[in-house]
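Remarks on the structure that follows.
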Amino acid sequence: MDHSRAPVLEALGHYRRDGLLPFTPPGHKQARGADPEVREVLGDAVFASDVLAISGLDDRRASGGVLRDAEVLMADAVRAEHTFFSTCGSSLSVKAAMLAVAGPYEKLMMGRDAHKSVVSGLILSGLRPVWVEPCFDDERHLAHPPSPAAYERAFAEHPDARGALVTSPTPYGSCADLAALADICHRRGRPLLVDEAWGAHLPFSDRVPTWAMDAGADVCVTSIHKMGSGLEQGSVFHLQGDRIDPAVLRSRADLLGTTSPSVLIYAGLDGWRRQMALHGPRLLDRALDLAARVRARIEDIPGLHVDGRAEYTGTGRAAGLDPLPVVIDLAGLGLAGYAAADWLRRHHRLTTHLADHRRISTQLTHADDESTAGALLEALRDLAAHAAELPRPAPVAVPSAAELRLEQTCLPRDAYFGAVADVPLGEAAGRVAAEMLTPYPPGIPVALPGERLNGPVLKYLATGIRAGMYVPDAADPRLRTVRVLAGEGPAPVA
């Protein structure tokens, strides 16, 4: 295949050169109707490329096959059999994958470290989750993907599960043993779904953990906007093998997706594929070399430590590590990640990917260079020099792995749509949650609808909020109250 081509970008160029006069949406009509101040900030090029996908970029019957050709090229670039573009982010893509495997009341196995989008899929679909416990590091209070042995045990207890889902890499960069998980699923004739939102770059380098399709996964969901060059909301999901019908997967995505997809986002996906197919290994070699230098230089800053393979991989931990998320432990400075992230933004105009009670993550990609790395290192040295002046962090009561595991009393959908009540935080222990309680980022819920709340989890959230944690899903983001089932709730999950 000719990876120098970019069908969406080429069609967009033809549209603009041909001077087509639209009597269709979007109503701004190639920027002519847009507010002048908006045009000044965004530029007219954004509006000129904001056209209908059908009866715009392509004709009324999509006979040019612009999107189809772009998806075929993407599949070839990453060694998949089928690829589907999404302009609604991987939050939609992972739901489509779940619905292609199981229907209402059927079981789907998944790691309890799943993103909130997976939980949203459970709420919308009525699937029965079979939770698989992550590998939890009690010393660092950090979850890594569940082990193959944990999935093996879960299948032994739930042989009727329709498939399995795993998140790899995690937002912290730790990776599952995908080949072993695929083997466990395939021996039972079940598909493996991988939420690889943070792994868009993995197919293009042999210096990073194995990409899901190469490891044998059936479906892989990837956010191109996270580690690639796509625009926000740009996602793709890939399929191989015969365990999932591609027509079913496309239908499920169509059920959830917009009928007005953004051509701008399609163009970003198409251009990124071309960039990586032609130049990916070289770009990633440069990024990985830069990450290694940055990690070493941060390690030289007093009070800072960069988490690496020694901390994240091995027995009871992850199977692999992506080195591009540079996770910095601040325990040596006595700082919480929340305060450090706020200080770096205020004093150095630098934003971090995520922050927790003791860490920040400074994500690097192929777009970084010595200039951006130098600014990061300068800011971190300044942070270390001023750490003693920052307020001491409010202590966060992080539970143990056992305390974090809450009893699932009913389906997430039944709890979410049930009769609810808002009760004071101090009275919520023992009640069944009717909402997600999700520190964000990275967006992994601490409590789900249908789980019975306990004191340690509620104390963790309360102390986390006092220290700077953000919990946007809650009806009351300050958690003065918690939304719970008003009565006993539906019958327990079998």
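Values computed for the structure shown
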item: Distance (nanometres) between label positions extended 7 Å along Cα→Cβ at residue 282 and residue 152; result: 4.5
item: Centre separation in Å (Cα based) which lies between region 164-242 and region 10-29; result: 36
item: P(r), alpha carbons of region 350-494 - 10 Å bins starting at zero, rounded %; result: 11, 34, 26, 17, 10, 2
item: For the chain, share of DSSP beta bridges that run antiparallel, in % to the nearest 5; result: 65
item: Calculated mean projected area of the Cα convex hull in nm² (choose from (i) 28.7; (ii) 26.1; (iii) 24.0), label; result: (iii)
item: For region 123-279, accessible area per residue (1.4 Å probe, heavy atoms of protein chains only), Å²; result: 35
item: Modelled FRET efficiency - R0 56 Å, residue 476 with residue 79, Cβ distances, 0.05 increments; result: 0.75
item: Surface share of carbon and sulfur [accessible, 1.4 angstrom probe, percent] for the chain; result: 52
item: Förster radius 22 Å - calculated FRET efficiency between residue 367 and residue 293, Cβ distance, rounded to 0.05; result: 0.85
item: Inter-site label distance for residue 44 and residue 29 at 7 Å from Cα along Cβ, in nm; result: 1.5
item: Exposure rank, largest accessible area first [251, 223; 1.4 Å]; result: 251, 223
item: Rounded if a/c under 1.5, otherwise prolate or oblate - region 349-406, Cα gyration tensor axes; result: oblate
item: Cα-Cα pairs of region 1-83 separated by more than 20 Å (percent); result: 43
item: Dipole magnitude of region 254-319 about its Cα centre (Cβ charges: Lys, Arg +1; Asp, Glu -1), debye to nearest 20; result: 200
item: Global form of region 286-377, assessed from the alpha-carbon gyration tensor, a/c cut-off 1.5; result: oblate
item: Per residue accessible area of region 393-485, 1.4 Å probe, in Å²; result: 40
item: Chain lengthening between residue 422 and residue 160 when straightened (0.36 nm per residue, less Cα-Cα); result: 90.7 nm
item: Kyte-Doolittle mean at least -0.5 and Cα axial length at least 27 Å: DSSP H helices in the chain; result: 263-299
item: Stokes-Einstein D in µm²/s, Kirkwood radius over Cα pairs - region 15-147 at 37 °C with 0.692 mPa s viscosity; result: 173
item: DSSP bridge orientation in region 79-211 - percent antiparallel, rounded to nearest 5; result: 20
item: Anisotropy class of region 207-254 from Cα gyration tensor, a/c 1.5 cut; result: oblate
item: Accessible area in the full protein assembly, largest first, 1.4 Å probe, for 226, 95; result: 226, 95
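The values are calculated or read from the model by the stated rules, or taken from the named source; none is laboratory data. A quick note: this is a predicted structure, and the numbers were derived from the prediction, not measured. Cβ coordinates were reconstructed from backbone atoms using ideal geometry, including for glycine residues, and neighbour counts include every protein chain displayed. Keep in mind that these areas ignore ligands, DNA and RNA; they rest on the heavy atoms of the full protein, side chains included. Shrake-Rupley method; radii C 1.70, N 1.55, O 1.52, S 1.80 Å.
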